[in-house]
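A short write-up of the structure that comes next.
The values are calculated or read from the model by the stated rules, or taken from the named source; none is laboratory data. Please read all numbers here as calculations on a predicted model, not as lab measurements. Here the Cβ is made from the backbone with ideal geometry for all residues, glycine too, and neighbour counts use every protein chain on show.
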Amino acid sequence: MTIMLDHMIVPARDKEQAARFFSRIFGLSYEGSVSHFAPVRVNGTLTLDFDTNEACHPQHLAFKVSKQEFDEIFARIKSEGIAYGSGPFSAEDMKIGSNRGENRFYFRDPSEHLLEVVTDA
């Protein structure tokens, strides 16, 4: 049996703000709260369920995307003036990183989660 991640609860200072930000930057749709969560379907098998938690601790979430998706996400980051960087400890150096043939960049969401976007090699 193949094990796949179905959903993940992502703590946020404001679940609605977090879901709207994530869906906008990643080019996904957000259709409003469902029950207690603000869900964003990432793909056919994964949903991120944002949940308000004032004491949330920032997490690192990494997403592998196609070259075209990478360029589209990066364009939205730049158009909104969001600081980005080449590595997890240089998330605001305004550079794209490269490692093993993959391009990547990091940025923070409104809850200070560190989001990483990586191209397919």
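Does the stretch 61-94 hold any residues that are under 19 Å from VAL10 (Cβ atoms) and aromatic (Phe, Trp, Tyr), and which are they?
Answer for the stretch 61-94, where residues must be under 19 Å from VAL10 (Cβ atoms) and aromatic (Phe, Trp, Tyr): just PHE63.
Select from the stretch 83-121 the residues that are among the polar types (S, T, N, Q) and in a strand (DSSP E or B) and write down the one among them that is farthest from GLU69 (Cα to Cα).
SER90
Here is a list of conditions, (1) among the aromatic types (Phe, Trp, Tyr); (2) within 16 Å of ARG24 (Cα to Cα); (3) assigned to a strand (DSSP E or B), and PHE70 meets all of them except one; can you say which number that is?
For PHE70, the exception is condition (3).
Before we move on, is GLU16 assigned to a helix (DSSP H, G or I) and either at pLDDT below 95 or over 22 Å from VAL118 (Cβ atoms) (or both)?
Taking the combined requirement at face value, the residue satisfies it.
Could you tell me whether any residue of the stretch 7-28 is over 17 Å from ASP109 (Cα atoms) and either of a type in the set (Lys, Arg) or surrounded by fewer than 10 Cβ atoms within 10 Å (Cβ to Cβ) (or both)?
no
Based on this model, can you work out whether ASP93 counts as among the charged types (D, E, K, R) and out of contact with any Gly (no Cβ under 9 Å at 6 or more places or on another chain)?
No: the conditions fail for ASP93.
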